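Notes follow the structure.
The values are calculated or read from the model by the stated rules, or taken from the named source; none is laboratory data. Remember, it's a predicted structure, so these values are computed and weren't measured experimentally. Neighbour counts run over all protein chains shown; Cβ positions are idealised from the backbone, glycine included. Quick note on the areas: whole protein, heavy atoms, side chains included, nothing else; ligands and nucleic acids left out. Shrake-Rupley method; radii C 1.70, N 1.55, O 1.52, S 1.80 Å.
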Amino acid sequence: MSDIRRRLMTRKADIGETRIADIPAQDALREGEVVLSLDRFSVTTNNITYAAYGDALRYWTLFPTGDAAFGMMPVWGFADVTASRAPGVEIGARVFGYFPMADTLVVQAEKIGRGGFADASPWRQTVPDIYNRYVLCAGDRHYSAALENSEALFRPLFITSYTAVDFLRENRFFGARQIVVSSASSKTAYGAAWCLKDDDVRVIALTGARNRAFVESLGIHDAVHGYEAVETLDASLPTLYLDLAGDPELRRRVHARFGPALVYDCLVGSTQSDSFTADDPALTGPRPVFFFAATCLDNHRAQGTLNAFYERFLADQSRFFERVVDPASPWIRIIEHQGLEAAAQVVRRLADGLSDPAEGAIVRIVR
Ligand SMILES: NC(=O)c1ccc[n+]([C@@H]2O[C@H](COP(=O)([O-])OP(=O)(O)OC[C@H]3O[C@@H](n4cnc5c(N)ncnc54)[C@H](OP(=O)(O)O)[C@@H]3O)[C@@H](O)[C@H]2O)c1
């Protein structure tokens, strides 16, 4: 069982509502077990989506609470190994991976190598491999302690931006000459726009009125529009919809606007919806196709191309980080929040759609 001393639990019926609970420590470590003490983690809309799909995509099963009304919202972050009965995973090692919002997590280490290990706990085997892997920072030549906040905040999102663009490129953008991106102010969306900067395809941003100035300030789109402007977009070019908003009404309007010019609908996110369902009898044109980064990585692993992929990805990710946190003109300010009480407030604001895209939230565990 996971040993969590203090944790922030999420009410499944209202993702913005959380409560801090104490859990008695586990008695003694069993063979193969490792205690990971969480140090810092990021919280973005992506984590809210994990919770929104907690039942459908089984994220609630990963870190059991024993209380059916509450679940652990998963987050990405850095931890230290503070106890270990797994040879090859040494006390003091720094790791990156998937965690509950909690002080500590006990994992059952397997597949241990220089680069990392996996958690073999049976309740974690219902999700793609990436969610159960812990990267040993000492074995990662792209690791930099100074970039931990950027890495925690962007890595899980940028890997999605990157694999989605890979997928679209491999398919020659399905013949599109322009890509319309919704929720363009989200990190996943502008990571994709950054990846597309040298491709021969126009990138058109759609965003909320509140976030338009932020998206314009990025300077990586050919045009930036508010959602009210969908009916004015240039529908003369073959167009691909890269959907981060997941809003069914917005999707209907985009499909209606582009008609036969819409060549593909790539559904990546659902910042404005709690349903990934693409079944909509009122929808004209191509059916939305869900893109899941974790499946892409599983495919790379199955084909033996995962190492080559990561070499390319990590080099490009470093360039992306350089741009995002460029001290001369940073895209966002990374704000460190202290403790699980502060994390509760970050979650509430994100769930209510009140976060500022110009800020990225990191939570530090206070010891
Ligand atoms: N398929 C995959 O493999 C995969 C992997 C990673 C992430 N994702 C998805 O990508 C999406 C973006 O995640 P992120 O962490 O990059 O987001 P983020 O940086 O936190 O950006 C959030 C943006 O989403 C919109 N938004 C959020 N909450 C809203 C609300 N309640 N009402 C209206 N608009 C709201 C706003 O953008 P606008 O005003 O611009 O709409 C906001 O600026 C998530 O749905 C996430 O699950 C998918």
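Based on C-alpha pairs under 8 angstrom that are at least 6 apart in sequence, the chain has a relative contact order of 17 percent. Between HIS142 and GLU231, the FRET efficiency from the beta-carbon distance, with R0 = 56 Å, is close to 0.80. Across all directions, the average flat footprint of the convex hull enclosing the Cα atoms of region 27-130 is 6.7 nm². To the nearest ten degrees, helix 339-351 and the longest principal axis of the Cα atoms of the chain are 20 degrees apart. Projecting the Cα atoms of ALA315, GLY353, ALA56 onto the dipole axis of the chain, where Lys and Arg carry +1 and Asp and Glu carry -1 at the beta carbon, places ALA315 farthest toward the positive end. The overall shape of region 158-294, judged from the alpha-carbon gyration tensor, is rounded, with an a/c ratio under 1.5. Find the centroid of the Cα atoms in region 85-123 and in region 176-248, then give the distance between the two in whole Å. Centre-to-centre distance over Cα atoms comes out at 38 Å.
Computed over Cα pairs, the Kirkwood radius of region 227-367 leads via Stokes-Einstein (1.567 mPa s, 4 °C) to a diffusion coefficient of 70 µm² per second.
Mind checking the angle between helix 148-170 and the chain's longest principal axis? C-alpha axes, 0 to 90 degrees, to the nearest 10. That works out to roughly 40 degrees. Annotation: lysines with alpha-carbon distance below 27 angstrom to LYS187 (same-chain offsets under eight excluded): LYS12, LYS197. Once the Cα atoms are used to define both axes, helix 248-258 deviates from the longest principal axis of the chain by about 40 degrees. For the chain, the equivalent ellipsoid derived from the alpha-carbon gyration tensor has semi-axes of 35, 22, 20 Å in decreasing order.
Apply the a/c threshold of 1.5 to the C-alpha gyration tensor of region 144-228 and tell me whether it is rounded, prolate or oblate.
Oblate shape, in that a/c is at least 1.5 and b/c is the bigger or equal ratio.
Each residue, ALA69 and LEU29, gets one label point 7 Å from its Cα in the Cβ direction; the gap between the two is 3.6 nm.
Loop-located GluC sites (Glu not before Pro) in region 226-288 (DSSP state not H, G, I, E or B) with no more than 16 neighbouring Cβ atoms inside 10 Å do not occur. About its Cα centre, the dipole of region 104-144 is roughly 100 debye, where the only charges are +1 on Lys and Arg Cβ and -1 on Asp and Glu Cβ. Placing +1 on the Cβ of every Lys and Arg and -1 on the Cβ of every Asp and Glu, with nothing else charged, gives the chain a dipole about its Cα centre of roughly 160 debye.
If I compute solvent accessible area with a 1.4 Å probe over the protein chains, what percent of it on region 135-180 is carbon and sulfur? Carbon plus sulfur share of accessible area: 50 percent. Using the charge dipole of region 102-239 (Lys, Arg: +1 at Cβ; Asp, Glu: -1 at Cβ; taken about the Cα centre), state which of ALA102, SER161, ALA120 has its Cα farthest towards the positive end. About the Cα centre, the residue reaching furthest to the positive side is ALA120.
Model label sites at ALA83 and SER217, defined 7 Å from Cα along the beta-carbon direction, differ in position by 4.6 nm.
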